[in-house]
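K.L.:
Structure incoming, see below.
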Amino acid sequence: MLRIGLTGGIGAGKSTAAARFGELGARVIDHDILARRVVEPGSAALADIVGEFGDRVVKGGLLDRASLAAIVFADDHARVRLEEIIHPYVRAAASAADRQARGEGVGVVVHDIPLLVETGQGGDFDLVVCVTAPLSTRIARLQQARGLTREQAMGRALAQASDEERAAVCDVELDGSGTVEQVRAQVDQFWSTHLP
């Protein structure tokens, strides 16, 4: 089984690349989805988050993502603390998904990990693929697609690893600055070059 770590800065086009990998037959394990699952009502992760940040981050029994984001993107210490709480739960869920894929005989598994570099997982994969795009492009995409203000978009982008930090762990870089079709074509090229 070939294990690929896929990462890229927020708004760079990583989700487009992940979707194409899935269409080509890879099992995509989306760590953002896992991060949402591990904080469902009644979960240990949610209890730990409430213990750290209080009831203000829960609404109707569910994690209030907007309230939590307002806290952690305004305070680096709070963001680091949240990551310390949630990342072990996500890693455990990802390991279970990986084992399941191996047991099912899946040939290629792509771990879609926004914070691959930040969590020190660069050496955990056979190949690390990074999707890159200029910061200005990424900020514009976040404003348009997610309705963030420029300041909110910039805060989220700058809270992640730098392009240089990502480049240091990447084996293959895909240019996400163009169209969806261009990103998909690069994934196709990667697939034909690196996979049997």
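The values are calculated or read from the model by the stated rules, or taken from the named source; none is laboratory data. What you are looking at is a predicted structure, and each value in this text was computed from that prediction instead of being measured. Here the Cβ is made from the backbone with ideal geometry for all residues, glycine too, and neighbour counts use every protein chain on show.
K.L.:
Determine, yes or no, whether A74 is of a type in the set (G, A, S), more than 30 Å from Q186 (Cα to Cα) and outside any helix (DSSP H, G or I).
P.N.:
Considered against the rule, which asks whether it is of a type in the set (G, A, S), more than 30 Å from Q186 (Cα to Cα) and outside any helix (DSSP H, G or I), A74 comes out as yes.
K.L.:
So the check is Cβ under 7 Å with 6+ separation or different chains; which pairs have a first residue in the range 126-152 that's within 20 Å of Q186 (Cα to Cα) and a second one that's among the basic types (K, R)?
P.N.:
Going by the 7 Å Cβ cut-off, the qualifying pairs are D126/R3; C130/R166; V131/K14.
K.L.:
Considering every residue within the range 36-49, establish whether at least one is under 26 Å from R138 (Cβ atoms), touching a Leu at 6+ places or on another chain (Cβ under 6 Å) and surrounded by 15 or more Cβ atoms within 10 Å (Cβ to Cβ).
P.N.:
Checked against the condition, which is being under 26 Å from R138 (Cβ atoms), touching a Leu at 6+ places or on another chain (Cβ under 6 Å) and surrounded by 15 or more Cβ atoms within 10 Å (Cβ to Cβ), the range 36-49 yields at least one hit.
K.L.:
Output the helices (runs of 4 or more DSSP H) that fall wholly within the range 84-196 and possess 2 or more residues being hydrophobic (A, V, I, L, M, F, W, C) and over 28 Å from A66 (Cβ atoms), or say none. Outline the logic, then answer.
P.N.:
Numbers: elements: 135-146, 150-158, 163-167, 180-194.
Fully inside the range 84-196 and qualifying: 180-194.
K.L.:
Further question on the same structure: Could you please tell me which pairs satisfy a Cβ distance under 8 Å, a separation of 6+ or placement on different chains, a first residue in the range 180-196 that is surrounded by fewer than 15 Cβ atoms within 10 Å (Cβ to Cβ), and a second residue that is assigned to a helix (DSSP H, G or I) and at pLDDT 95 or above?
P.N.:
V180/T16; D188/R20
K.L.:
Kindly indicate whether R99 is of a type in the set (K, R), within 23 Å of A45 (Cβ to Cβ), free of Cβ contacts under 8 Å to residues at least 12 places away in the same chain and not assigned by TED's automatic domain parsing to the domain that holds A161.
P.N.:
Yes; evaluated as a whole, the condition is true for this residue.
K.L.:
Still on this structure, please answer the following. Being touching an Asp or Glu at 6+ places or on another chain (Cβ under 7 Å) and crowded, with 23+ Cβ neighbours inside 10 Å is the filter; apply it to the range 111-128 and report the residue that is farthest from A167 (Cα to Cα).
P.N.:
Looking at residues that are touching an Asp or Glu at 6+ places or on another chain (Cβ under 7 Å) and crowded, with 23+ Cβ neighbours inside 10 Å, I get D112.
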